[in-house]
Every structure is written in C-alpha cells, then in structure tokens.
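The values are calculated or read from the model by the stated rules, or taken from the named source; none is laboratory data. Please read all numbers here as calculations on a predicted model, not as lab measurements. Please note: Cβ atoms are built from the backbone with ideal geometry, for glycine as well, and neighbour counts cover all protein chains shown.
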Amino acid sequence: MPFSTNVIKLLEEIEPSLRKVLIAILEEIERQREESITRREFLEFARQTEENFQKVWQTIKELAEAQKKTEARVEELAEAQRKSEERLTRVEKAVEELAEAQKRTEARVEELAEAQKKAEGRLTRVEKAVEELAEAQKRTEEEIRKLSIGLRMTREQVGGLSRSVAYALENEAYVKLPGYLKEHYGIEITERFIRTEINDREINLFARARKNGEEVTIVGESVLKLDDREKLKAVMEKVEAVVDEVEGEVIPIIVTHFAKKKVLEAAKKRGIIVVQSFQW
C-alpha cells in the first residue's frame, strides 16, 4: 500500500515494533476501503477512514514526541548513571585507601601492643628493683640509726673526756700559773685562782693579783687547743663581763695544750696572755 511522504517520515521516527503495528493498521484500513461497494458507503467509509487516519496520525505524532522525551530522559539517566559510576569509583578508591590505612593502623597498634608488653616487663623489673632498694634503704636507715646512737654515745664519752681533760688542765693551771706569771710577767697572785660566774658568764680562771704595785684581776679561759680566733673573742667577752665589777686592770689569759702561731700573734696584739702547758 502506498503511503504519503509525511506518513513515511513519521513512521521512520517510531520504534520498529510500534512501526509494524501502525503499518498493519493502515493496511487494514486501506483493505476495508477497497472492499466498499457503494459511493455513499465509500464516502462515509472515506470520511471515517480520514478521521481514523488523522487520529492515527495524531497518535503517531504523540508517540514520536513521547519517544523523543523518552530518549531525552534515557540520556539524562545515562548521564546520571555515568556520574554515579564516577562517584562510585571515587568512593571505591577512598574505601580502598581507608582499608590500606586501616591495615597500617592495625600494624602500628600491634607494634605498640608489643612495645607495651616489653615496657610492662621492664617496669616489672624496675618495680622489683625499687622494692629491693626500699628494703635496702630501710636496712641502711636502721644501721644509720644504730650508728647515730653509737656516735652520740661516743660524742658524749668524748665530750666527757674533753671536759675531764679541760678540768684537769684548769686544775693544773691553778697550781702552775702563779709561779709562771710571777716569773714571766711580774704578776703576783694575791688571791688564788677559782672558777666563778660573773654577770651570767662562767669564768674558768679568776684571780686577784698585783702588777707593778697595782691591783689587777686575772680573767681566763682554758682550751685544749687554741686554733681558732673565735676563742680569743670568747675570752674578751668574759673580760667585758668582769671589767665593770672589779677595780683596776683586767688581764685576759688563755691556758692551752697547744696554740697555732697565727692565733698566738693575734692574741698578743689584743693583749691576751697565752700559756701553753708545756711552758710551765
């Protein structure tokens, strides 16, 4: 059956399966038209055929337009699919990178766990060593306590011995000094040496005497060893405590077993008589 050019163009824009259906409908319409036997029937048939043909044509146009929209939509979906695939590719890559990072993290965690185990082992040894040191410290403190007690007792004994020696030196000085002072300094003891206290000061050697016909007072100190100038200061403080309580000159004196040369020179400059036990 012949078709017009417009119909052919429209049919070419339709999908093959739909195009076959439309061609079959048109052929059936044409066949029926050819079988009409009366003009009136033919005209009526022609009119109806034209109406049907126009309807079919309109349908074809609508189908063609729908096909275009469908193709456009398919293209949009294809573009969206492409973008989704690109995003999915990036996501997959990111997931792979995260998986690799996770593996590295797990490996690092394993290393840290192993290091922690080693550290705990070392810490255990250190704690044990600290405990042993603490026990040793306790024993040391106990030994120190015992030594401190012994040292205190030794000091007390030495102090007692020193006092005993000092008292022995003083007692010997009481006997030896009068003759020594008279012979070497022209000082004659008129009242014997005594121990006394004046103005809250303990005086180891105190005696009344005469020198060049004048009344004088002897104020002295006995030390086992004269090796410090502070001991000269101590004697002078005792002189200051006595000077306002007596008349006449107060003569300072130090009795010792041994005196250093520099201290002897300092004592001489301050007018202090120093007598060493080996001299009498």
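Is there a residue in the stretch 172-193 that is at pLDDT below 90, more than 60 Å from the chain's Cα centre (by Cα) and under 17 Å from Phe278 (Cα atoms)? Walk me through how you get there before you give the answer.
Initial filter on the stretch 172-193 (at pLDDT below 90): none.
No: the stretch 172-193 contains no residue that is at pLDDT below 90, more than 60 Å from the chain's Cα centre (by Cα) and under 17 Å from Phe278 (Cα atoms).
State whether the residues of the stretch 88-102 include one that is basic (Lys, Arg), on the phi < 0 side of the Ramachandran plot and at pLDDT 85 or above. Spell out the reasoning first.
To start, the set of residues in the stretch 88-102 that are basic (Lys, Arg) comprises 90, 93.
Okay, now just the ones that are also on the phi < 0 side of the Ramachandran plot, so 90, 93.
Now narrow it down to the ones that are at pLDDT 85 or above: 90, 93.
Yes - at least one qualifying residue is present in the stretch 88-102.
Filter the stretch 245-280 down to the residues that are among the acidic types (Asp, Glu) and in contact (Cβ under 8 Å) with a residue 12 or more places away in the chain and list them by number. Can you show your working first?
First, the residues of the stretch 245-280 that are among the acidic types (Asp, Glu): 245, 247, 249, 265.
Once the filter is applied, which keeps residues that are among the acidic types (Asp, Glu) and in contact (Cβ under 8 Å) with a residue 12 or more places away in the chain, the stretch 245-280 yields Glu245, Glu247, Glu249.
Please determine whether any residue of the stretch 210-218 is among the polar types (S, T, N, Q) and either closer than 15 Å to Val263 by Cβ or exposed (fewer than 12 other Cβ atoms within 10 Å of the Cβ) (or both). Outline the logic, then answer.
First, the residues of the stretch 210-218 that are among the polar types (S, T, N, Q): 212, 217.
Now narrow it down to the ones that are either closer than 15 Å to Val263 by Cβ or exposed (fewer than 12 other Cβ atoms within 10 Å of the Cβ) (or both): 212.
Among the residues of the stretch 210-218, at least one is among the polar types (S, T, N, Q) and either closer than 15 Å to Val263 by Cβ or exposed (fewer than 12 other Cβ atoms within 10 Å of the Cβ) (or both), which makes the answer yes.
Let me spell it out: the conditions are (1) within 30 Å of Pro16 (Cα to Cα); (2) not assigned by TED's automatic domain parsing to the domain that holds Glu27, and Glu75 meets all of them except one. Which number is the exception?
Glu75 satisfies every listed condition except (2).
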